[in-house]
Amino acid sequence: MSPRAVSGGPKYAASGDGSADEGDPRWVVSLKSLTGASSVSSERLDVAKCVFILLVCAGHLCEPFYKIQNKPTQAFMHVIYGFHVPAFVLISGYVSGDLNAKRRRALIGGIVAPFLILHVLFSVSYTKMFCEGEKFDAFEADPGSVADGRPRCELVNHWALLDKDHGAWDGWDRWTFAYPFAQLWYLVSLFTKRIWRPFALEMRWTLLLHVVLGLAIGYTTIGRFLSLHRSTVHMPYFLCGYLMKKHKCFFPEAKTVLAKTLAYGGLVVVLGAALVATYKYNLRVEYWFQSDPHDAVYGEYWAYGCVFQLALYAWTFFSMAVAFALIPGPRAVGVIYPGEDDDGETAGLLLGSGSLSVNVMKNKTTRRVGRYGRERDQTSFKARFYLRLAKWGSRTLYPFVLHIAVFMLLAKYTDWYEITWHKAGGNWEVTARFLLTLLISVATVVLLSLKPTVGAFRWLLEPSVGALYSPEMQKC
């Protein structure tokens with residue numbers, strides 16, 4: 001979808017339900033009419049983020065059991081890795097705005113500064129915990145000489161969070177920021193996509209062009225350097241999210257009986273495909289990571305990498321549509337807003353600029369306090385729980401960054417993952433440990449999303465960088 005196509009399309013009057021809007025091309029209007037897609041409320045978007053960050057945390061904490069070939073873990077990871085990270089990228093594109101002076105400063109304070117600080121802290125800590133020590137040296141010299149020996153830099157059996165050649169701390173002269181530590185790749189990738197987006201939107205057929213780039217990047221050797229491979233592959237999701245906001249056309253929730261039937265049918269397809277991929281074909285989960293060259297991922301079939309990547313794009317969008325359809329909006333769970341008429345949007349910051357939205361705002365006699373409906377105003381547990389999930393979802397930066405610290409502490413100072421060194425993946429104890437780890441993941445996300453946690457780590461994840469700018473610039 002190009003700016004030229006948008007500006008050249010037919011004009012339509014703005015509509016509060018998003019069925020047609022001024023400047024929308026005809027195919028977008030048809031899509032809205034067919035699916036009922038419209039803009040999305042802040043609450044629903046943040047509930048989705050809460051769900052997805054839970055899946056991210058569960059995927060990482062459970063991955064050690066996949067590394068020793070536990071089949072239930074492998075099936076679970078095939079389900080979630082098909083959509084949860086691309087969905088996060090798409091949401092990031094949806095909520096991103098123009099890079100004005102305030103947002104440029106936010107990029108420095110909210111992405112660049114945390115990455116630089118956290119990359120050093122994580123890399124040094126991980127190296128000291130899992131890469132240094134006499135037992136590692138003895139194990140490398142003679143694996144049989146140390147009873148509890150471990151390969152250098154592996155925190156669990158067959159898995160390390162960093163490359164010991166590129167990521168391990170060995171002094172500033174042999175260490176680099178070019179290979180982000182573990183989950184920090186997302187911060188680097190998000191910065192790249194935010195900077196590139198204005199250029200991308202000036203191009204004709206920009207979505208198609210960036211899909212082609214995503215298919216072609218696998219034939220290069222860029223790999224994980226500055227997360228450029230992932231940034232290129234994920235750029236279509238980011239642009240799609242931004243264009244969805246522009247045209248008020250987000251994935252619709254399943255409201256009607258037919259829509260719910262299709263959504264649950266799609267869920268059955270996703271689950272069934274994961275089971276087939278795991279138990280019949282034993283497909284590797286690494287196919288979903290989309291971070292390495294085709295020859296490293298597909299081996300002798302590397303020449304067909306573009307075909308495989310195109311299939312991943314198609315499956316990812318299908319899976320995302322199913323996931324978002326199953327996440328209800330606030331009205332569907334009974335959220336009420338005392339003092340506000342039923343025609344009001346559930347998120348003022350996402351109101352459109354059309355005439356209807358303006359009239360709605362003019363007709364309001366009472367303005368809602370805060371970003372969401374208030375939990376204490378709700379009459380049902382479902383509505384209160386929904387709003388609580390939304391508030392946790394608005395703080396996803398904290399569990400996203402800090403859950404890896406929890407993972408490292410579990411691996412180093414408890415015996416939780418010792419089973420990966422002593423049991424085969426098919427053992428029932430490994431499966432039981434995987435199921436219990438899912439519960440630990442829920443507890444971890446909840447704990448890291450609470451206000452006390454946010455307050456304790458705000459200085460680290462959202463550092464103040466105002467001193468870098470003149471007072472005049474900060475007024476912009």
**Q.** Convex hull per residue volume in Å³, alpha carbons only, for segment 414-476
**A.** 160 Å³
**Q.** segment 43-130 shape via C-alpha gyration tensor axes, a/c threshold 1.5
**A.** oblate
Q.
Between residue 424 and residue 116, what is 0.36 nm times their sequence separation minus the Cα-Cα distance? Round to one decimal in nm.
A. 107.0 nm
Q | Value of Rg/Rh across segment 218-296 [Cα atoms, Kirkwood radius] | A | 1.10
Q) Using 7 Å Cα-to-Cβ label points, what is the residue 472/residue 310 separation (nm, one decimal)? A) 5.5 nm
Q: Evaluate the Kirkwood expression for the hydrodynamic radius of segment 400-443, namely the inverse of the mean inverse distance over all pairs of different C-alpha atoms, and round to one decimal in Å.
A: 11.3 Å
Q) What full-extension length gain, to one decimal in nm, is calculated for residue 30 and residue 456 as 0.36 nm per residue of separation minus the Cα-Cα distance? A) 148.5 nm
Q. Cα-based Rg of segment 189-246 per 2.2 N^0.38 Å, rounded to two decimals?
A. 1.07
Q. Which FRET efficiency value, to the nearest 0.05, do you get for residue 282 and residue 208 by plugging their Cβ-Cβ distance into 1/(1 + (r/R0)^6) with R0 = 30 Å?
A. 0.30
(Q) Which log10 I(q)/I(0) values does segment 227-348 give at q = 0.10, 0.16, 0.18, 0.19 Å⁻¹ under the Debye formula, counting every alpha carbon as one identical point scatterer? (A) -0.47, -0.97, -1.12, -1.18
Q: Would you kindly state how much longer the chain becomes between residue 435 and residue 375 on full extension, computed as 0.36 nm times their sequence separation minus their alpha carbon distance, in nm to one decimal?
A: 18.5 nm
(Q) Per residue, how large is the accessible surface of segment 163-309? Use a 1.4 angstrom probe and give square angstrom. (A) 52 Å²
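The values are calculated or read from the model by the stated rules, or taken from the named source; none is laboratory data. None of the values given here were measured: they were computed from a predicted structure. Note that each Cβ is placed from the backbone with ideal geometry, even for glycine, and that neighbours are counted across all protein chains shown. Heads up: the accessible areas ignore ligands, DNA and RNA and are worked out on the full protein's heavy atoms, side chains in. Shrake-Rupley method; radii C 1.70, N 1.55, O 1.52, S 1.80 Å.
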